[in-house]
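A short worksheet on the structure shown next.
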Amino acid sequence: QVQLVESGGGLVQAGGSLRLSCAASGSIFSLNAMGWYRQAPGKQRELVARITSVGSTNYADSVKGRFTISRDNAKNTVYLQMHSLKPEDTAVYYCNADVAYWRGGSLITNEYWGQGTQVTVSS
């Protein structure tokens with residue numbers, strides 16, 4: 001079983017900063033791409049940022065230049081550093097990871113999600 005546990009959400013004023021963390025645990029052979037998504041009330045879940053196992057990144061246009069995704073492979077952890085936060089960044093932020101693990105002698109890859117962490121930016 002694999003778990004993703006997020007932390008670091010909270011309430012911040014516009015222009016402020018937050019850092020989200022997501023730690024993966026369990027029977028992990030390797031972590032492939034990891035990412036952050038968000039979902040605001042009444043809206044669909046959207047990609048915020050994604051990082052591959054070798055560090056290639058991509059970002060939503062709305063966060064480019066303000067957010068930075070990074071990962072620590074030794075700790076099975078992905079981070080999202082958020083600066084210059086805006087009220088429109090308010091959402092539940094979800095961690096996502098493509099995880100490879102052994103099961104019954106076969107290497108399996110599945111997608112996992114964290115439980116979400118609330119980020120609220122006040123104006």
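Could you tell me the center-to-center distance, by alpha carbons, between segment 9-70 and segment 101-123 in angstrom?
12
Can you return the lysines within cross-link range of residue 86? Criterion is Cα-Cα under 28 Å, with same-chain partners fewer than 8 residues away left out.
Partners within reach: 43, 64.
Which whole-Hz ³J(HN,Hα) couplings does segment 84-92 yield from phi under the Karplus relation 6.51 cos²θ - 1.76 cosθ + 1.60, θ = phi - 60°, glycine and proline marked x?
With coefficients 6.51, -1.76 and 1.60, one gets 6, 5, 10, x, 6, 7, 4, 4, 8 Hz.
In sequence order, what are the phi-derived ³J(HN,Hα) couplings for segment 64-72 according to the Karplus relation 6.51 cos²θ - 1.76 cosθ + 1.60 with θ = phi - 60°, rounded to whole Hz, with x for glycine and proline?
Using θ = phi - 60°, the values come out as 4, x, 10, 10, 9, 9, 8, 8, 10 Hz.
With θ set to phi - 60° and the Karplus curve 6.51 cos²θ - 1.76 cosθ + 1.60, what are the ³J(HN,Hα) couplings of segment 27-37 in order, to the nearest whole Hz, using x for Gly and Pro?
Values per residue, Gly and Pro as x: 7, 9, 8, 7, 9, 8, 5, 10, x, 10, 10 Hz.
For segment 16-123, what is the charge dipole size about the Cα centre, in debye to the nearest 20, if Lys and Arg each add +1 at the Cβ and Asp and Glu each add -1 at the Cβ? Don't skip to the end; give the middle numbers.
On the way: 11 positive and 7 negative charges, 20 e Å.
I would put it at about 100 debye.
Hey, what did the chain get for relative contact order, percent, Cα under 8 Å, at least 6 apart?
Once normalised by length, the contact order is 35 percent.
When the Kirkwood radius is taken over all Cα pairs of the chain, what Stokes-Einstein diffusion coefficient follows at 37 °C and 0.692 mPa s, in µm²/s?
Working: Rh = 14.7 Å.
In µm²/s, the coefficient is 224.
Using Cα springs under 10 Å in a Gaussian network model of the chain, which residue among 74, 40, 60 shows the largest mean-square fluctuation?
Result: 74 has the largest fluctuation of those listed.
First check a/c for segment 1-61, with a ≥ b ≥ c the square roots of the eigenvalues of its C-alpha gyration tensor; if it is under 1.5, answer rounded, and if not, answer prolate when a/b is larger than b/c or oblate otherwise.
prolate
Taking the chain as a Gaussian network, where each spring joins two C-alpha atoms under 10 Å apart, which residue of 19, 38, 50 fluctuates the most?
Per the Cα network of the chain with a 10 Å cutoff, 19 tops the list.
Since every read-out is calculated from the coordinates, none of them should be taken as a lab result. All values derive from a computational prediction rather than experimental measurement. Neighbour counts are summed over all protein chains in view; Cβ atoms, including those assigned to glycine, are modelled from backbone coordinates with ideal geometry.
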